Amino acid sequence: MIDKIEKILADIKAFQADNKEALEQFRIQYLSKKGTITELFTEFKQVAPEMRKEMGMKLNELKNTIQDIIDEQQKKFETKSEGKTDIDLSLPVYAMNGSRHPLSIVRNEINDIFKRLGFVVAEGPEVEDDFHVFSALNFPPDHPARDMQDTFFVTKSPDVVLRTHTSSVQVRVMEQGKLPIRIIAPGRVFRNEAISARAHCIFHQIEGLYIDKNVSFADLKQTLYHFVQEYFGEGTKVRFRPSYFPFTETSAEMDISCNICGGEGCNICKHTGWVEILGCGICDPNILKACNIDPEEYTGFAFGMGIERIAMLKYQINDLRLFFENDLRFLKQFENA
Ligand code: DAH
């Protein structure tokens, strides 16, 4: 029986099926119910006990070899037949039916600018706990932002809220303990505000966080200056005004020269020539400590901007509600943006 098996092994090694049918014939010959392998297994029952182990192994080897040959050659026909189909893979894709939402366009463009500077995109949950939205960010217990008028509560005690800003993602990333950090976090935020042309209860922000050794306010200024030149065009001026946020110290708000009137004064900039686009600052040492980062060794900067606001400036849109109404007459204007 061993000789028989060896002979079959030698015979099939060189087997090459010319087509699918020949391969199927091969399979039937060896592996079907009435095929050679079944016959050999029947014969195997007669084998003397001391020979069984060796014989069994040989027989299995034969069976596996045949299966391997079939699998291997099947691939050959699959790829061949794919090539023969009517589908022309070199054709351009059909034009997409629809277009990106302006907020997605703006978000992607902002992301791309920061990605080129080495920032990576981070995400965090929209339903958050008090710690990540407020406590870890140095908001005192009686801070008005925690007030019912501002925050949507999912449950009270434990406090589960809809995040009111993407700054919560700062905490999520710092907690992971991997340094340095250079992230941007785009996302949806929620505030219990009356809907008007200038405010909505759902809107979008992009957060930025950079933590490393020796990060200074100069780095913050240069990064944001670069962003503005890229996004609003070279020559756009920036100015920083002192401000206050619980999680940054020094804090600032950044204005750009009005991109609509070029600084001359118009309705959008309320005739000041400047429009505010973001809040920023040097991370307060308390924030770093809350996330187990040594503020003696590391410093960082953060910034946060509203995507709707940037989009309104970029496309001269004067009513925030347009972004949420899904009116095709509005959305179609961004088809080629
Ligand atoms: N989270 C702030 C807001 O929603 C915006 C902000 C300000 C984010 C300063 C920052 C920052 O990271 O440094 O109004």
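A short reminder: the numbers here are calculations on the coordinates, not readings from a lab. Predicted, not measured: the structure shown is a model, and the values here were computed from it. Every residue, glycine among them, receives a Cβ derived from its backbone with ideal geometry; neighbour counts consider all protein chains shown.
Using 0.36 nm per residue and subtracting the Cα-Cα separation, the extra length available between H101 and D11 on full extension is 26.0 nm.
Reported to the nearest whole Å, the Cα centre-to-centre distance from region 136-215 to region 1-67 is 67. Among R321, R309, the order by Cβ neighbours within 10 angstrom, fewest to most, reads R321, R309.
Across region 319-327, computed HN-Hα scalar couplings (Karplus, 6.51 cos²θ - 1.76 cosθ + 1.60, θ = phi - 60°) run 9, 4, 5, 4, 5, 10, 8, 6, 6 Hz from first to last residue, x flagging Gly and Pro. Among S135, S257, S90, the largest mean-square fluctuation in a Gaussian network model of the chain (Cα springs under 10 Å) belongs to S90. Shape index of region 2-78: Rg/Rh, with Rg the Cα radius of gyration and Rh the Kirkwood radius from the inverse mean 1/r over Cα pairs, equals 1.02.
Taking 0.36 nm per residue of separation and subtracting the current Cα-Cα distance, fully stretching the chain between E21 and D294 would add 91.2 nm. Summing charges over all other residues whose Cβ lies under 9 Å from the Cβ of S99, with Lys and Arg as +1 and Asp and Glu as -1, gives +1. Shape summary of the chain, radius of gyration then Dmax from alpha carbon positions: 33.2, 103 Å.
Give the calculated FRET efficiency between Q333 and R198 to the nearest 0.05, with a Förster radius of 22 Å applied to their Cβ-Cβ distance. Step by step, r from the Cβ atoms, then E = 0.60. Using a simple charge model, +1 on the beta-carbon of Lys and Arg, -1 on the beta-carbon of Asp and Glu, nothing else, what dipole does region 103-334 show about its Cα centre, in debye to the nearest 20? My answer is approximately 600 debye. When the label point is put 7 Å from the Cα of Q176 along its Cα-to-beta-carbon vector, which residues of region 288-309 have a backbone N closer than 16 Å? Under 16 Å, as judged by backbone N against the label point of Q176, lie 291-293 of region 288-309. The aspartates and glutamates within cross-link reach of K76, meaning a Cα-to-Cα straight distance under 18 Å and a gap of 8 or more places when in the same chain, are D18, E21, E24, D68. P(r) tail, region 148-288: Cα-Cα pairs separated by more than 19 Å, 62% of all pairs.
On full extension, the segment bounded by I260 and N214 gains 12.9 nm, given 0.36 nm per residue less the C-alpha separation.
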